[in-house]
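In what follows, a structure is listed as structure tokens, so that the remarks can point back to it.
The values are calculated or read from the model by the stated rules, or taken from the named source; none is laboratory data. Remember, predicted model here, so these are calculated numbers, not experimental data. Cβ coordinates were reconstructed from backbone atoms using ideal geometry, including for glycine residues, and neighbour counts include every protein chain displayed.
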Amino acid sequence: MRIRVLFFGMLKDVTGMSEDQVEAADGATLAAIFEHYAGRFPRVREMAGSIVLARNQEFADPATAVREGDEIAFLPPVSGGSAEYLEEISENGHLFALTRQPIHREKIIHRLLTGADGAVVDFEGVVRNNTQGRRTLFLDYECYAPMAIKTMAEIGREIAASYAISRIAMVHRLGRLLIGEASVAVVVTAPHRKAAFEAALEGINRLKRRVPIWKKEHFADGEVWVEGEWDQRAPRVQSC
């Protein structure tokens, strides 16, 4: 059976490709697919403890069986519709979106606010000009878009169910970003400020650990994919 395999972030550099087609035997598992590429690319095996696998845009355990036509994604550690948004999920007043355009916080706030709200908390992550003293020129963001937007919506639903808020929005920008530009925004509206602050903080923390978005940082003297850390619940490859 034939399987489509996708590579993201630093794994694109390691393998030298963004996608591949592989023939798998009947009864093969994700672990077998991983082993195929780990045999071809030793660095993939070295990174096994931090690689997460997805099958058809859902996190999947390495023991999961694969089927004809499956789309398998190799995901390195994460660094997170309309004409304005490349992908968008809107439900119950919440907004989750990916864009290649500048993020307009005022428009997001206007979209979320209701008459019952007494607080708005807006977190924006912006591109800084250095990392540990090494001068940064710009960043490039990429993602596994279908899975990223689904995961953002899942996180938003969890936050809305756990905190006394009215609405939440998560918008992440992709492509090349210059110093000072916003890469991500988490906006929360609520009747009271405490819940809004807590929900916004929890929202960005979960986004950073669970949404398959990666960034490459370009310096004056080189470039590197920024390696973060997956949420503990993400099913890592470990060693096969």
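Numbers at a glance
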quantity	calculated
Residue check for Lys216: farther than 21 Å from Ile103 by Cα and not acidic (Asp, Glu)	no
Residues that are hydrophobic (A, V, I, L, M, F, W, C), over 14 Å from Pro76 (Cα atoms) and part of a loop (DSSP other than H, G, I, E, B), drawn from segment 1-16	Met1
Residue in segment 143-152 that is within 24 Å of Lys216 (Cβ to Cβ), surrounded by 15 or more Cβ atoms within 10 Å (Cβ to Cβ), among the small types (Gly, Ala, Ser) and at pLDDT below 95 present	yes
Residue ranges of strands (runs of 3 or more DSSP E) in segment 154-240 with at least 3 members among the hydrophobic types (A, V, I, L, M, F, W, C) and either surrounded by fewer than 23 Cβ atoms within 10 Å (Cβ to Cβ) or assigned by TED's automatic domain parsing to the domain that holds Gly115 (or both)	167-173, 182-190, 213-219
First in segment 107-122 and surrounded by 11 or more Cβ atoms within 10 Å (Cβ to Cβ), second anywhere and modelled with pLDDT under 95, Cβ under 6 Å, 6 or more apart	Asp122/Arg105
Residue check for Phe74: crowded, with 22+ Cβ neighbours inside 10 Å and under 16 Å from the mean Cα position of the chain (by Cα)	yes
Val121 more than 24 Å from Leu86 (Cβ to Cβ) and among the aliphatic types (A, V, I, L, M)	yes
Test: residue in segment 185-205 that is within 17 Å of the chain's Cα centre (by Cα) and among the basic types (Lys, Arg)	no
Count - residues of segment 105-115 that are under 15 Å from Ala200 (Cβ atoms) and not in a helix (DSSP H, G or I)	1
Hits in segment 65-101 - residues which are of a type in the set (Asp, Glu) and modelled with pLDDT of 90 or more	Glu68, Asp70, Glu71, Glu88, Glu91
Test: Gly156 is over 20 Å from Gln101 (Cβ atoms), among the small types (Gly, Ala, Ser) and within 16 Å of the chain's Cα centre (by Cα)	yes
Residue match in segment 31-42 (condition: of a type in the set (Lys, Arg), assigned to a loop (DSSP other than H, G, I, E, B), modelled with pLDDT of 90 or more and more than 18 Å from Val224 (Cα to Cα))	no
Qualifying residue in segment 26-39 (condition: in contact with a strand residue (DSSP E or B) (Cβ under 7 Å, 6 or more places away or on another chain) and loosely packed, with under 15 Cβ neighbours inside 10 Å)	yes
